[in-house]
Amino acid sequence: MSFVAKEDIQSVVEGLIQRIWKAAKQVDIQVPFPRMSFAEATCKYGSDKPDTRFGLMIAQLPDLAPDEHTVAEVLVLPGGAELFATRELVPFNDLIGNSQKNNESK
């Protein structure tokens, strides 16, 4: 193959992996594999090799940042409200409240 692009290589490798799994384990693998850019991976997951199985993404909360040069980030836990009782979340609310009070006093 002359003038090979990265998409060509990805396609060949995906096809190879798909055939190997089918022959060895009778498992059908869907291609193309999901892709994301380095910037998207590091912004959403904090890693260039994110584990996307659980949907744990990082969210930016500009209202909690002390100034425009700082970024407040949190880990989003899907269904977290059902996992924790309100009384278990009170310490986190207090922590956020204290952070906001400290920022307002500066």
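Some points to look at:
- Structural descriptor for the chain: relative contact order 14 percent, calculated from alpha carbon pairs under 8 angstrom and at least 6 residues apart.
- Helix-only [θ]222 nm of the chain, DSSP H runs n ≥ 4, -39500 (n - 2.57) each, per residue, nearest 500: -15000 deg cm²/dmol
- Carbon-plus-sulfur accessible fraction, the chain (probe radius 1.4 Å, protein heavy atoms only): 59%.
- Prolate/oblate/rounded call for the chain, Cα gyration tensor, a/c under 1.5 rounded: oblate
- The chain, accessible area per residue, ligands and nucleic acids excluded (1.4 Å, Å²): 85 Å²
- Label-reachable residues, the stretch 55-84, where backbone N falls under 20 Å from a point 7 Å from Lys44's Cα toward its Cβ: 55-62, 72-80
- Reported to the nearest whole Å, the Cα centre-to-centre distance from the stretch 81-96 to the stretch 1-50 is 39.
- Extension reserve of the Leu75-Glu7 stretch, reckoned as 0.36 nm per residue once the Cα distance is removed: 21.3 nm
- With every protein chain in place and a 1.4 angstrom probe, the accessible-area ranking of Ser2, Ser47, largest first, reads Ser2, Ser47.
The values are calculated or read from the model by the stated rules, or taken from the named source; none is laboratory data. Model, not experiment: these values are computed from the prediction. Because the Cβ atoms are built from the backbone with ideal geometry, glycine has one as well, and the counts that use them run over all protein chains shown. Remember, those area values only see protein heavy atoms, side chains included, never the ligands or the DNA or RNA. Shrake-Rupley method; radii C 1.70, N 1.55, O 1.52, S 1.80 Å.
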